[in-house]
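Worksheet: one structure, shown below.
The values are calculated or read from the model by the stated rules, or taken from the named source; none is laboratory data. Note that this is a predicted model, so its numbers are computed, not measured. Because the Cβ atoms are built from the backbone with ideal geometry, glycine has one as well, and the counts that use them run over all protein chains shown.
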Amino acid sequence: MPGLVWFVTRRLAAALIVMLALSLAVYLIFYAIPADPAHLACGKPCTPDRLEQARHFMQLDQSTLQQYLNFLKGIVAGRTFGDGAAAVQCNAPCFGYSFPLARPVTTLIFDRLPVTASIALGAAVLWLVLGVSLGVIAALNRGRLADRLAIGVALLGVSTPSFLLGLLAILVFGFWLNMVPVSGYVPLTESPVDWAWHLITPWIVLAILSAASYIRLTRSQMLEELNLDYITTARAKGAGEARVVLTHGLRGVLVPVITLFGLDLGALLGGAILTEKVFSMQGLGDLLITAVGQLDVAVVVGVTLFSAFLIILANLVVDIVHGVLDPRVSHG
Amino acid sequence: MSSSVAGTVSPTRQAMRRFRRDRSARIGLVLVTLLIVIAAAAPLLVRLAGQDATTYHIDLLDPARGNAPRGPVGGASGTHWFGVEPLTGRDLFAITVLGLRTSLFIAVVVTLITTVVGTLAGISAAYFGGWYDAVLSRLLDFLFGFPQLVFMIALGIVVPARFPRWLLLILVLSLFGWAGLARLIRNQARSLVAREFVEAARSVGSSGWMVITRELLPNLIGPVLVVATLAIPGYIGAEAALSFLGVGVPPPTPSLGRSISDSIAWVYTGADPWFLLFPGTMLFFAVLGFTLLGDGVRDAFDVRLRRTS
């Protein structure tokens with residue numbers, strides 16, 4: 001498979017270029033911030049002398065380009081702020097240092113990432129399974145009750161904002177029926193059962209909403225696929241209905257579903273951020289919103305770039321899976 | 001003048017006919033009309049109810065229950081049709097209809113901006129092609145994969161506090177919104193550019209602008225209309241989401257998203273679920289109405305809008 005190796009290498013290189021361009025753009029945008037972060041750090045009374053000291057310590061006295069290069073270097077090799085006893089060490093991969101929180105941004109992100117990732121990954125698995133299976137069921141029962149129900153669920157899902165459904169779920173299942181916990185996050189390492197139990201409502205809420213477009217896509221794709229000649233051939237050759245649907249029909253459905261999933265990754269992260277607020281979990285979204293309020297540029301830049309990198313990386317994986325699944329995608 | 005040729009009905013007329021026969025599209029149209037009337041007449045309705053969105057009514061709250069409204073259904077009465085907000089006692093009807101007004105205003109303005117920009121970018125990319133098309137396509141790819149919500153929250157730090165937030169919201173939503181339409185129109189216009197009538201127009205010396213506005217645009221009205229209608233519910237949801245996260249429309253301007261966010265504490269404890277239900281239902285109907293209408297328009301124009309390309 002030399003074609004495939006070449007294809008993957010090219011995609012990797014392209015992704016790397018996009019990441020670099022993106023990081024420069026984000027850096028330039030956010031360092032145009034009107035407030036001076038050094039001003040907040042220099043304490044009271046803020047004499048010009050101390051302000052200058054703070055600016056030097058935070059490396060804000062360098063040119064923007066120099067700061068950007070230092071930032072890139074920090075990701076690869078780590079960096080040190082100040083010198084002597086007061087020096088602050090930020091180990092690689094260093095996505096900047098938050099002076100208000102006195103922690104490296106990377107540490108802050110990895111503290112919060114499990115919350116957001118748990119919500120996003122669980123919901124994604126659930127919605128792919130739910131979306132594709134309901135879509136197939138709808139297509140097979142075209143025009144019957146199951147089809148109408150699936151289309152109805154899809155319409156409701158498309159029309160309900162995730163935070164609204166989340167709050168309704170809390171109200172009904174958490175408060176009125178008292179079945180599930182309504183807030184808080186329990187780390188997986190602490191108790192896997194409690195982890196899943198606290199996440200079950202967010203997962204279902206996010207999955208139901210996002211599954212909607214997958215139900216619609218799978219249904220229409222499946223209907224189209226089942227009318228193709230090769231399906232008729234398979235049936236004529238005596239293949240069982242289950243085999244026709246699952247191995248032949250589903251195969252044609254998977255490629256567009258994966259493409260759609262690639263496009264939805266950004267939305268998945270956004271959905272997870274909204275959901276964590278609904279269920280009072282402190283994830284990446286909370287970190288970011290607090291940082292915006294505190295004018296903590298390092299965290300804002302770090303979280304923005306980190307999530308963009310995640311999306312680019314995930315897209316890369318989707319692209320490669322796509323290339324492997326669909327022989328029509330040219331590897332050359 | 002009677003037409004002797006059978007079936008020479010214009011595509012737009014055919015679409016109108018299909019639309020009228022579609023039941024869920026009609027429901028969508030009724031809902032949307034109703035919503036627009038409510039939003040447009042919101043200040044009038046609020047005055048009709050004899051209320052406003054800012055006056056505190058502390059006397060209507062029950063301090064024994066953490067200042068939740070007195071009485072059932074969130075304190076709803078003849079004077080306060082949707083009851084009052086907990087903690088402040090402001091009129092919830094006023095907040096809800098004025099919030100709807102805010103939502104629809106932002107969504108419609110963003111839709112207008114993105115439709116104009118997206119259509120022009122898409123058509124020009126298809127017509128001129130070359131490096132311009134290549135650069136634009138890369139830019140679209142980039143905008144598609146971007147974690148938009150994260151960026152929208154983050155932008156709050158760069159924009160000075162005195163810059164009006166509603167304008168920022170419109171600009172940010174537009175910045176990311178035009179990409180989808182631009183790509184769709186580009187792909188549709190590319191197949192048109194190769195057709196004979198465009199070639200004919202070019203050969204008689206029509207300028208690029210003439211070809212785009214006279215030949216290409218009329219043939220793309222259907223897809224543009226469909227995407228624009230289907231985009232509105234997305235923007236309503238996005239505005240609400242940002243306000244929900246506290247980075248959208250700031251107080252005291254009423255916003256459905258912010259009210260829903262404020263209601264979280266009252267939902268957790270079950271003290272006043274009505275604070276969620278009134279603004280929440282309004283938001284739901286706003287998104288549902290435009291989605292039904294958009295689906296109807298899509299089916300009527302028979303546009304294939306597969307997000308896969």
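Which residue out of A:Ala150, A:Ala139 is out of contact with any Ser or Thr (no Cβ under 8 Å at 6 or more places or on another chain) and surrounded by 21 or more Cβ atoms within 10 Å (Cβ to Cβ)? Full working, then the answer.
Numbers: A:Ala139 fails: out of contact with any Ser or Thr (no Cβ under 8 Å at 6 or more places or on another chain).
A:Ala150 is the lone residue from the list that is out of contact with any Ser or Thr (no Cβ under 8 Å at 6 or more places or on another chain) and surrounded by 21 or more Cβ atoms within 10 Å (Cβ to Cβ).
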Legend entry - Entirely in segment A:181-283, the helices (runs of 4 or more DSSP H) that have 2 or more residues that are in contact with a Ser or Thr (Cβ under 6 Å, 6 or more places away or on another chain): A:192-226, A:250-278
Inset, instruction - Could you run through segment A:52-72 and say how many residues are over 15 Å from A:Gly96 (Cβ atoms), in contact (Cβ under 8 Å) with a residue 12 or more places away in the chain and loosely packed, with under 14 Cβ neighbours inside 10 Å? - result: 0
Inset, instruction - Would you confirm whether any residue within segment B:265-275 is aliphatic (A, V, I, L, M), part of a helix (DSSP H, G or I) and without any contact (Cβ under 8 Å) to a residue 12 or more places away in the chain? - result: yes
Inset, instruction - Sort out which residues of segment B:22-58 are within 30 Å of B:Gly71 (Cβ to Cβ) and of a type in the set (Gly, Ala, Ser), and write them in order of number. - result: B:Ala39, B:Ala41, B:Ala42, B:Ala49, B:Gly50, B:Ala53
Inset, instruction - Being surrounded by fewer than 22 Cβ atoms within 10 Å (Cβ to Cβ), in contact with a Pro (Cβ under 7 Å, 6 or more places away or on another chain) and modelled with pLDDT under 80 narrows it down to one of B:Thr54, B:Thr79, so name that one. - result: B:Thr54
Legend entry - Of the criteria (1) more than 13 Å from chain A (Cβ to nearest Cβ); (2) without any contact (Cβ under 8 Å) to a residue 12 or more places away in the chain; (3) among the aliphatic types (A, V, I, L, M), which one B:Ala300 fails: (2)
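In this structure, does B:Ser263 turn out to be within 11 Å of another protein chain (Cβ to nearest Cβ), of a type in the set (Gly, Ala, Ser), closer than 29 Å to B:Arg65 by Cα and surrounded by 23 or more Cβ atoms within 10 Å (Cβ to Cβ)?
Numbers: within 11 Å of another protein chain (Cβ to nearest Cβ): yes; of a type in the set (Gly, Ala, Ser): yes; closer than 29 Å to B:Arg65 by Cα: yes; surrounded by 23 or more Cβ atoms within 10 Å (Cβ to Cβ): yes.
Yes: the conditions hold for B:Ser263.
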Inset, instruction - Output the residues belonging to segment B:216-256 that are facing another protein chain (nearest Cβ under 8 Å) and in a helix (DSSP H, G or I). - result: B:Pro233, B:Gly237, B:Ala240, B:Ala241, B:Phe244
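Would you tally the residues in segment A:165-190 being hydroxyl-bearing (Ser, Thr, Tyr) and modelled with pLDDT under 75?
Going residue by residue through segment A:165-190, those that are hydroxyl-bearing (Ser, Thr, Tyr) are A:183, A:185, A:189.
Now narrow it down to the ones that are modelled with pLDDT under 75: A:183.
Selection size over segment A:165-190: 1.
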Inset, instruction - Within segment B:234-257, identify whether any single residue is surrounded by fewer than 24 Cβ atoms within 10 Å (Cβ to Cβ), among the hydroxyl-bearing types (Ser, Thr, Tyr) and free of Cβ contacts under 8 Å to residues at least 60 places away in the same chain, and answer yes or no. - result: no
Legend entry - Criterion violated by A:Ser162 - all others in (1) under 30 Å from B:Thr229 (Cα atoms); (2) of a type in the set (S, T, N, Q); (3) at pLDDT 85 or above satisfied: (3)
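Tell me, yes or no, whether segment A:253-268 has at least one residue that is aliphatic (A, V, I, L, M), more than 10 Å from chain B (Cβ to nearest Cβ), touching a Leu at 6+ places or on another chain (Cβ under 9 Å) and closer than 29 Å to A:Pro93 by Cα.
Pass one, segment A:253-268, residues aliphatic (A, V, I, L, M): A:253-255, A:257-258, A:260, A:263, A:265, A:267-268.
When the remaining residues are screened for being more than 10 Å from chain B (Cβ to nearest Cβ), the result is A:253-254.
After this cut, where a residue has to be touching a Leu at 6+ places or on another chain (Cβ under 9 Å) as well, the list is A:253-254.
Next cut, closer than 29 Å to A:Pro93 by Cα only: none.
Checking segment A:253-268: not a single residue is aliphatic (A, V, I, L, M), more than 10 Å from chain B (Cβ to nearest Cβ), touching a Leu at 6+ places or on another chain (Cβ under 9 Å) and closer than 29 Å to A:Pro93 by Cα.
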Legend entry - Within segment A:284-296, tally of residues that are surrounded by fewer than 24 Cβ atoms within 10 Å (Cβ to Cβ) and assigned to a helix (DSSP H, G or I): 5
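Could you tell me how many of the residues in segment A:166-177 are buried (at least 23 other Cβ atoms within 10 Å of the Cβ) and more than 8 Å from every other protein chain (Cβ to nearest Cβ)? Give the derivation first.
So in segment A:166-177, the residues buried (at least 23 other Cβ atoms within 10 Å of the Cβ) come out as A:166-167, A:170.
Within this subset, residues satisfying the condition of being more than 8 Å from every other protein chain (Cβ to nearest Cβ) are A:166.
Final tally of qualifying residues: 1.
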Inset, instruction - Give the residue, chosen from B:Thr291, B:Thr281, B:Thr269, that is among the β-branched types (Val, Ile, Thr), over 17 Å from B:Asp91 (Cα atoms) and modelled with pLDDT of 85 or more. - result: B:Thr291
Legend entry - Selection within segment B:161-201 - free of Cβ contacts under 8 Å to residues at least 24 places away in the same chain, farther than 28 Å from B:Phe146 by Cβ and crowded, with 16+ Cβ neighbours inside 10 Å: B:Val198, B:Ala201
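Just name the residue that is farthest from the other protein chains (Cβ to nearest Cβ) out of those in segment B:116-126 that are in contact with a helix residue (DSSP H, G or I) (Cβ under 6 Å, 6 or more places away or on another chain) and surrounded by 20 or more Cβ atoms within 10 Å (Cβ to Cβ).
Selected residue: B:Ile123.
Given the residues A:Leu305, A:Leu260, A:Leu295, which is the only one that is touching a residue at least 40 places away in the same chain (Cβ under 8 Å) and under 30 Å from A:Val186 (Cβ atoms)?
Numbers: A:Leu260 fails: under 30 Å from A:Val186 (Cβ atoms); A:Leu295 fails: under 30 Å from A:Val186 (Cβ atoms).
Going through A:Leu305, A:Leu260, A:Leu295 in turn, the sole match is A:Leu305.
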Inset, instruction - Please work out which one of (1) surrounded by fewer than 17 Cβ atoms within 10 Å (Cβ to Cβ); (2) of a type in the set (S, T, N, Q); (3) in a helix (DSSP H, G or I) is the condition B:Ser206 fails and give its number. - result: (3)
Inset, instruction - Please specify each residue of segment B:76-105 satisfying the condition of being under 17 Å from B:Ile264 (Cα atoms) and touching a Gly at 6+ places or on another chain (Cβ under 7 Å). - result: B:Val84, B:Leu92
